[in-house]
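The structure appears right after this line, and notes come after that.
Values in this text are rule-based calculations from the coordinates and carry no lab data. In this text, all values refer to a predicted model and were calculated from it rather than measured experimentally. When we count neighbours, we look across all protein chains shown, and the Cβ atoms used for this are built from the backbone with ideal geometry, even at glycine.
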Amino acid sequence: MLRNGDKGAEVKALQERLTALGYWNGKADGNFGSLTRQAIFALQKAAGLTRDGVVGPKTRRALKSGVRPKATSSTGHVVEINLRRQLLLLVDHGEVRTILNTSTGSNQYYEYEGERYLAVTPRGRFRASRQIDGWRNGPLGPLWRPKYFNGGIAVHGAYSVPPYPASHGCARVSIPAMNWIWASNKLPLKTRVWVY
């Protein structure tokens, strides 16, 4: 078993395998930290396994067999958000290039300024329409470097990205993943964003 806090050559090999399969986990450094855990969540989601962030026998089998999600889009650069699996995919011409753990709308009710709302991430086909390079202190909480694609709904960095739906409607990714998206220009304005 490998888990958060483990170190060494076996962890580095795990990180390299995750990267080879497209599961983003930063630089392979032999330290099993939060980014490796996020990548394991994503792999476990793609394989339909329990999302515990621990590399046990079933997760090892998924790694060995090369489990990867399939794209829905077939042309151009598209960001796909799979609500059932809670995965964010960066896709080029039908090929999944990068897989990220995401946490979307919780489907729970919440109150804001005396009104009751349902926290959902609407399905549909959108385009990235605006962005903020830094913290956005939104009415429902802070968003790191948000890329808005549907009104006030964005892909953004967050301190908490659990392996289940927990947001008010946005698609959360880790803060380092959001920094990488910006630095590598993976979600420029006008990018198609498909939510399904």
* Based solely on C-alpha atoms, express the radius of gyration and the Dmax of region 9-65 in angstrom. => 9.9, 27
* **DSSP beta bridges in region 98-196 [antiparallel fraction, %, rounded to 5]** => 80 percent
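If Lys and Arg each add +1 and Asp and Glu each add -1, what is the summed charge of the other residues whose beta carbon sits under 11 Å from the beta carbon of Ile132? Walk me through the numbers on the way to the answer.
Details: positive: Arg130, Arg136, Arg145, Lys147; negative: Asp133.
Neighbourhood net charge equals +3.
So what's the convex hull volume per residue for the Cα atoms of region 47-153, in Å³? Each step should come with its number before you reach the end.
Values: hull volume 14.8 nm³, N = 107.
Per-residue hull volume (Cα only) is 138 Å³.
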* What is the Cα coordinate range of region 1-111 on the first, second and third principal axes, sorted by size from largest, in whole angstrom? -> 40, 38, 23
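Test of understanding: what is the full-extension gain from Ala28 to Ser160, defined as 0.36 nm times their sequence separation minus their Cα-Cα distance? Working shown, then result.
Working: separation 132, 0.36 × 132 = 47.52 nm, distance 2.20 nm.
Difference between extended and current length: 45.3 nm.
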* Using bins 10 angstrom wide from zero, how does P(r) for region 95-195 break down, in % of all Cα pairs? -> 16, 51, 29, 4, 0
* What residue among Gly105, Gly94, Gly157 has the largest mean-square fluctuation in a Gaussian network model of the chain, using Cα springs under 10 Å? -> Gly94
* Structure fact -> region 151-196 and region 17-51 have their Cα centres apart by a whole-number Å value of 17 Å
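So how do 59-65, 24-30, 130-136 stack up, highest first, on mean other-Cβ count within 10 Å? Could the numbers behind the result be given before it?
On the way: 59-65: 15.1, 24-30: 18.3, 130-136: 13.0.
Descending mean neighbour count gives 24-30, 59-65, 130-136.
Add +1 for every Lys or Arg and -1 for every Asp or Glu among the other residues with Cβ under 9 Å from the Cβ of His156, and state the total.
+4
Taking only the C-alpha atoms, wrap a convex hull around the chain and report its volume per residue in Å³ as a whole number.
On the way: hull volume 21.6 nm³, N = 196.
Here the figure is 110 Å³ per residue.
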